[in-house]
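Structure below; questions to follow.
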Amino acid sequence: MNGPVAYLVTTLGCLIGVAGVVVALVAVRKGRKAARPAAPADPFRDTDSDALRGDPRRLKPGDIVEIRRVSYAVRGSVHLNEGGWSWAEHLLDTAEGDKRWLSVEEDPDLELVLWTVEPAATITPGESALDFAGRRYALEGSGQARFTATGSTGLDPSGTLRYHDYRAQGGERLSFEAYGQAGWEVARGEQLHRADVMVYPQAGPEAS
């Protein structure tokens, strides 16, 4: 075998060897990916209600949600994250223009709260207890979260939210929220039962 032919044969052998190594690495990587365990599921999650009444965790702009026999369109959604804790707030609107907010949170059980904004309220947060509309509310928590907004919310696509949450005896809520540099918005909230809410998903991509 002369010099050029020997060189060609040697080069082809090297290429075939490299290709074999690459194929083996790809196979190993695919095998590891396939063996990755699935995320753990909540064994107490009420999947029957989700199947029969729709899943509020998957609400997105354009969906229809019925709350105590009143139908609302989801105008926009705000997804919030504070550390490892996340929740969502959805702007709802009736055909008559009655606007409410629905918050959806798992901590660890599903919690649904229907909020009514109080634009005439003049109180500010910070105290350990507040009196409002004849009720006394105790501070439950406060903090700052990052948000992303989709649909028609009147908010920037992303930013920060400051909040203070209060609770009265019986479970009624009082919330203070300030998006970005805006002032405080006050809202009263009523916790809903899972059976109070029916979700009618509409066609289109889901909000992340």
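Taking ALA187, is it at pLDDT 95 or above and hydrophobic (A, V, I, L, M, F, W, C)? Reasoning before the result, please.
Values: at pLDDT 95 or above: yes; hydrophobic (A, V, I, L, M, F, W, C): yes.
Yes; evaluated as a whole, the condition is true for this residue.
Among the residues in region 83-96, are any among the hydrophobic types (A, V, I, L, M, F, W, C) and touching a helix residue (DSSP H, G or I) at 6+ places or on another chain (Cβ under 6 Å)?
So in region 83-96, the residues among the hydrophobic types (A, V, I, L, M, F, W, C) come out as 85, 87-88, 91-92, 95.
Next, only the ones that are touching a helix residue (DSSP H, G or I) at 6+ places or on another chain (Cβ under 6 Å) stay: none.
No, every residue in region 83-96 fails to be among the hydrophobic types (A, V, I, L, M, F, W, C) and touching a helix residue (DSSP H, G or I) at 6+ places or on another chain (Cβ under 6 Å).
Could I ask something else about it? Within region 34-137, considering only strands (runs of 3 or more DSSP E) that don't extend past its boundaries, which have at least 3 residues that are under 26 Å from GLN169 (Cα atoms) and modelled with pLDDT of 95 or more? Walk me through it before giving the result.
Values: elements: 64-67, 70-82, 85-93, 99-106, 110-117, 129-132.
Ranges flagged: 85-93, 99-106, 110-117, 129-132.
Return a yes/no flag: does region 74-81 have any residue that is free of Cβ contacts under 8 Å to residues at least 24 places away in the same chain and surrounded by fewer than 20 Cβ atoms within 10 Å (Cβ to Cβ).
Applying the first criterion (free of Cβ contacts under 8 Å to residues at least 24 places away in the same chain) to region 74-81 yields none.
No, the conditions are met nowhere in region 74-81.
Restricting to region 109-129, count the residues that are among the charged types (D, E, K, R) and surrounded by 16 or more Cβ atoms within 10 Å (Cβ to Cβ). Spell out how you get there, then give the answer.
Step one: of region 109-129, the residues among the charged types (D, E, K, R) are 109, 111, 118, 127.
Next, from what is left, pick out any that are surrounded by 16 or more Cβ atoms within 10 Å (Cβ to Cβ): 118.
Summing the residues that are among the charged types (D, E, K, R) and surrounded by 16 or more Cβ atoms within 10 Å (Cβ to Cβ) in region 109-129 gives 1.
Give me the pairs: first residue in region 102-124 and more than 11 Å from TRP184 (Cβ to Cβ), second residue aromatic (Phe, Trp, Tyr), beta-carbon distance under 7 Å, and six or more apart or on different chains, which are they?
Close Cβ pairs (under 7 Å, with a partner that is aromatic (Phe, Trp, Tyr)) amount to SER103/TRP87; SER103/TRP115; VAL104/TRP87; GLU105/TRP87; TRP115/TRP101.
Any residue at all in region 130-144 that is open to solvent by 50 Å² or more (accessible area, probe 1.4 Å), closer than 14 Å to HIS79 by Cα, touching a residue at least 24 places away in the same chain (Cβ under 8 Å) and not basic (Lys, Arg)?
Yes: one or more hits.
Within region 138-161, which residues are within 20 Å of LYS60 (Cα to Cα), in a strand (DSSP E or B) and not hydrophobic (A, V, I, L, M, F, W, C)?
ARG146, THR148, THR150, GLY151, SER158, GLY159
Residue by residue through region 47-73, note down the ones that are over 18 Å from GLY151 (Cβ atoms) and free of Cβ contacts under 8 Å to residues at least 60 places away in the same chain.
Within region 47-73, THR47, ASP48, ASP50, ALA51, LEU52, ARG69, VAL70 meet the criteria.
The values are calculated or read from the model by the stated rules, or taken from the named source; none is laboratory data. Nothing here was measured: the structure is a model prediction, and the numbers come from that model. Here the Cβ is made from the backbone with ideal geometry for all residues, glycine too, and neighbour counts use every protein chain on show. Note: areas computed on protein heavy atoms with side chains; ligands, DNA, RNA excluded. Shrake-Rupley method; radii C 1.70, N 1.55, O 1.52, S 1.80 Å.
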